[in-house]
1. Can you tell me which of (1) exposed (fewer than 14 other Cβ atoms within 10 Å of the Cβ); (2) modelled with pLDDT under 85; (3) outside any loop (DSSP other than H, G, I, E, B) is the one R163 doesn't meet?
2. Could you grab me the full set of residues in the range 407-435 that are within 11 Å of the chain's Cα centre (by Cα) and in a helix (DSSP H, G or I)?
3. Only residues that are farther than 12 Å from R317 by Cβ and among the aliphatic types (A, V, I, L, M): list them for the range 352-406, please.
4. Here are V206, V235: which of them is within 23 Å of G179 (Cβ to Cβ), assigned to a strand (DSSP E or B), in contact with a Cys (Cβ under 9 Å, 6 or more places away or on another chain) and hydrophobic (A, V, I, L, M, F, W, C)?
5. With K409, K434 as the choices, which residue is out of contact with any Lys or Arg (no Cβ under 7 Å at 6 or more places or on another chain) and in the same structural domain as L296 (by TED's automatic domain parsing)?
6. Is it the case that some residue within the range 137-153 is among the small types (G, A, S), modelled with pLDDT of 80 or more and not in a loop (DSSP other than H, G, I, E, B)?
7. Kindly provide the set of residues from the range 211-267 that are among the basic types (K, R), out of contact with any Phe, Trp or Tyr (no Cβ under 6 Å at 6 or more places or on another chain) and crowded, with 17+ Cβ neighbours inside 10 Å, ordered by number.
Amino acid sequence: MFRLFRQRALRWQLLLVLVEFALLVGCVYAAVVLRYWGDEGTQAAFGHSLHWRAPLVGMVLVLAMTALGLYQVHLRAGWLGRLSRQGVAFVLGGVALTVLYYASPAAYIGRGVLGITLVLGYLIVALWRVLFLGIVDADLFKRRVVMLGAGERAAEVAGKMRRKTDQRGFKVLGYVPIGADPVRVPQTMLLHPDEALYDWVTRLGVDEIVVGPDDRRGTLPVDALLECKQHGVAVTELAEFFEREAGKIKMDLTNPSWLVFSDGFNISPARRTVKRAFDLTMASLVMLVAWPFMLLTMLAIRLESGRGSPILYRQERVGENGKAFAVIKFRSMRTDAERDGVARWATKNDGRVTRVGRFIRKTRLDELPQLWNVLRGDMSIIGPRPERPQFVDDFNTRIRYYSLRHCVKPGLTGWAQLRYPYGSSFEDAVEKLKFDLFYVKNHNFAFDLAILIQTVEVVLFGRGAR
């Protein structure tokens, strides 16, 4: 279930969560002292109940920061963006705690203590993150990696993972040419071992060897790699390394045998039962909270379009195992959007979108009727987004492994929606498939929960909507 946490960057993120939770709990205790400075009796009275109230505050604020994407391994944002996200997270956390206190007065810690906690917590977490990122980005704490291969495959990975955020947790020392592969990486990044492989990697302090030649027939030093592995040096295939570090599967690095023999693709009866229970629970809870917004959306569509115009929109989509079903959405386009019957991508500033439709698409309110699809079992809360049959037929013939995304139910939201903007072309479909296959291969309850929480960020910032 926690196979993804073999990635060192994710271990750093787990450490970040635990330390920030502890800091926020400490901020509650500090806030009580500051709020009732000199009044030891009141401080003592507060102390009897803080053992469970303070962790509750810390948990809510950590969840709020998770929802704003602050624990994403590959978050690409400057310090202004990070501080802004953190500010929004603390505001949302404060609102959530206020609602919680109304529902459960026993958890209340007082307006003054809560206000001081939020201000103090924001400052301390911001300072801690400066220190933390400085430590994580220091080469001293990164896993030292050597690439065995310097041809096309190795160069492609080097080009795709060149950003600092892409290499958070590891440092590529260089590339070792092997066999007759043409060298495709810069000369400055080439390494030439001048002794036995194990002695060489020991001298360089290598933690992991990534094997990625273009042609491995008769060229791999199997015995030398086995010796390194026996002495604790990790040996990883290039496709697996890219999947682990980039959070997506690159199809041109994979082959059918790698997909067959690699870990993942857990679609066992137990997993299906857990996922279905998760879907039913979350769909019911979201519907319970969202029904006022659904009524307002229906009213807005009716006022704009007039009586007689449809409020809901049904469209055929492809679901699990290629089975077609009718997805239900609030209508956001004109009724004559596809009068000729030809399926078209939605584009930026699409003229077919109504005024109300533009708003509900931006806020994702148009997706809420799909909760009924989830309850019926056509869809899941988390999974690849369902596509139209016309597009699927085309993609199945043009995109390798595209059919694999249909071995699970499509979802309201998914890993691709978090990591890639709205797709409106064949090229976008190719890129999104990399993330969809990563989800299909690695999905579990913890992964689903993390995606659901981070979807809040997508909704709040309107990423990917058209």
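The values are calculated or read from the model by the stated rules, or taken from the named source; none is laboratory data. None of the values given here were measured: they were computed from a predicted structure. A quick note on method: Cβ atoms are made from the backbone with ideal geometry, for glycine too, and the neighbour counts reach across all protein chains shown.
1. Unmet condition: (3).
2. W415, A416, Q417, L418, R419, F435
3. Passing the criteria: V353, V356, I360, L365, L368, L371, V374, L375, I381, I382, I399, L404.
4. V235
5. Of the residues listed, the single one that is out of contact with any Lys or Arg (no Cβ under 7 Å at 6 or more places or on another chain) and in the same structural domain as L296 (by TED's automatic domain parsing) is K409.
6. no
7. R244
Residues are listed down the side, and each one gets a yes or a no for (1) assigned to a loop (DSSP other than H, G, I, E, B); (2) farther than 30 Å from Y420 by Cα; (3) touching a residue at least 40 places away in the same chain (Cβ under 8 Å):
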site: V185; (1), (2), (3): yes, no, no
site: P193; (1), (2), (3): yes, yes, no
site: A224; (1), (2), (3): no, yes, no
site: C228; (1), (2), (3): no, yes, no
